[in-house]
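J.: Have a look at the structure that comes next, please.
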Amino acid sequence: MPEDIDACFRHCSRISRLLQAGIIAGVKDLSQAVYTLLGMRLTSNQIAALRLYEQELLVWNERLNLTAIRDPEMVRIKHFLDSLTCLLVMRDTPMERVIDVGTGAGFPGIPLKIVCPAMKLTLAESVRKKADFCRHVVQKLGLTGVEVVQERAETLGQMSAYREQYNWALARAVAEMPVLVEYLLPLISVGGSMLAMKGEDAPAETQTAEKAIRLLGGQLRRLVPVTLPGVADQRYLVVIDKVAATPPTYPRRPGMPAKKPLG
């Protein structure tokens, strides 16, 4: 028994050193990082699902270039752990229906679905190869309650099946804030929220989007700073609440929000 305790102590100490150094050497170490950052423990099934997701991503990425991040350790930090930081603001809120816009290879939506299986998730991605990969992963992991739709956000925002239907709309590395709010706010029901995962320019970007936020029925709630182990860049979760219905003329036709941002 003392040997078991000593072994456990050595293992925990090793993980602590790895986290301090920004090293997540395996999915089990990722589990410890999630506990350190979010105070939640992953189950064995969730760990297994993330491990399989990682394997599929690395294999597919060799031929389809789904993400510039190819190192397994960085996948765990900059994709998995980063995605799960959304729970810093989403947990303890209604998450019945969530849409991830411009999901790419499934981030942040799929990691969130793995740890919050009750949510109904829509993954929106306009690039076919990325949408195909998301469908493959959803099937491979046996995830239910997930729809993968290959379509632009501007189009979805004018479709009754998606417009103002979600508790949360999420996006990571999709567009600057004045453009992004036109993508996301039309999809959220009044009383719901949007979450934009942003870098160090988040405060300035959010300020430039103030007029667009008000016009589209939003109200800035807060910016939450996030620090990932081993990542020097400051990150933010920008949370905007939907307080009024979006005028029917928004979003504008595909391409217009980026060409002529509101502001």
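J.: Suppose every K and R has +1 on its Cβ and every D and E has -1 on its Cβ; what is the size of the dipole of the stretch 67-139 about the Cα centre, in Debye to the nearest 20?
T.: Computed charge dipole of the stretch 67-139: roughly 220 debye.
J.: Can I ask one more? What is the spread of the Cα atoms of the stretch 55-125 along each of their three principal axes, largest first, in whole Å?
T.: 37, 22, 17
J.: Also, I was wondering about something else. Multiply the residue separation of Glu147 and Ala244 by 0.36 nm, subtract the distance between their alpha-carbon atoms, and state the gained length in nm to one decimal.
T.: 32.3 nm
J.: A further question follows. When all C-alpha to C-alpha distances in the chain are sorted into bins of 10 Å, what percent of pairs does each bin hold, rounded to whole numbers?
T.: 7, 30, 35, 20, 6, 2, 0
J.: Still on this structure: Counting other C-beta atoms within 10 Å, which of Trp60, Trp168 has the fewest, and how do the rest follow?
T.: Placing the least packed residue first, the sequence is Trp60, Trp168.
J.: Assuming R0 = 30 Å, what is the FRET efficiency of Glu210 and Glu96, from their Cβ-Cβ distance, to the nearest 0.05?
T.: Rounded to the nearest 0.05, the efficiency is 0.55.
J.: Residues of the stretch 179-196 with the amide nitrogen closer than 17 Å to a label point 7 Å from the Cα of Met159, along Cα-to-Cβ, please.
T.: 183-189
J.: While we're looking at this one, here's another question. Starting with the fewest neighbours, write out Met194, Met90, Met95, Met40 ranked by other beta-carbon atoms found within 10 Å of each beta-carbon.
T.: Met40, Met95, Met90, Met194
J.: Put +1 on the Cβ of each Lys and Arg and -1 on the Cβ of each Asp and Glu in the stretch 42-127; which of Ile77, Ile99, Leu58 then has its Cα farthest toward the positive end of the dipole?
T.: Ile99
J.: For the stretch 43-259, give the share of DSSP beta bridges that are antiparallel, in percent and rounded to the nearest 5; count only bridges with both residues there.
T.: Of all bridge pairs located within the stretch 43-259, approximately 45 percent are antiparallel.
J.: Further question: With +1 assigned to the C-beta of every Lys and Arg and -1 to the C-beta of every Asp and Glu, and no other charges, what is the dipole magnitude of the chain about the Cα centre in debye, to the nearest 20?
T.: 500
J.: In addition: Could you point to the residue in Leu88, Val190, Leu170 farthest towards the positive end of the chain's charge dipole, with +1 and -1 charges on the Cβ of Lys/Arg and Asp/Glu respectively?
T.: Most positive-ward Cα: Val190.
J.: What is the Cα centroid distance between the stretch 81-101 and the stretch 114-134, reported in whole angstrom?
T.: Cα centroid to Cα centroid, the span is 14 Å.
J.: According to the square roots a ≥ b ≥ c of the eigenvalues of the Cα gyration tensor, what is the shape class of the stretch 120-263, taking rounded for a/c under 1.5, prolate for a/b larger than b/c otherwise, and oblate for the remainder?
T.: Oblate.
J.: Among Lys130, Lys260, which comes first, second and so on when ranked by fewest other beta-carbon atoms within 10 Å?
T.: The most exposed by this proxy come first: Lys260, Lys130.
Computed from the coordinates by the stated procedures, all read-outs in this text should not be read as laboratory data. The structure displayed is predicted, hence computed values, not measured ones. Every residue, glycine among them, receives a Cβ derived from its backbone with ideal geometry; neighbour counts consider all protein chains shown.
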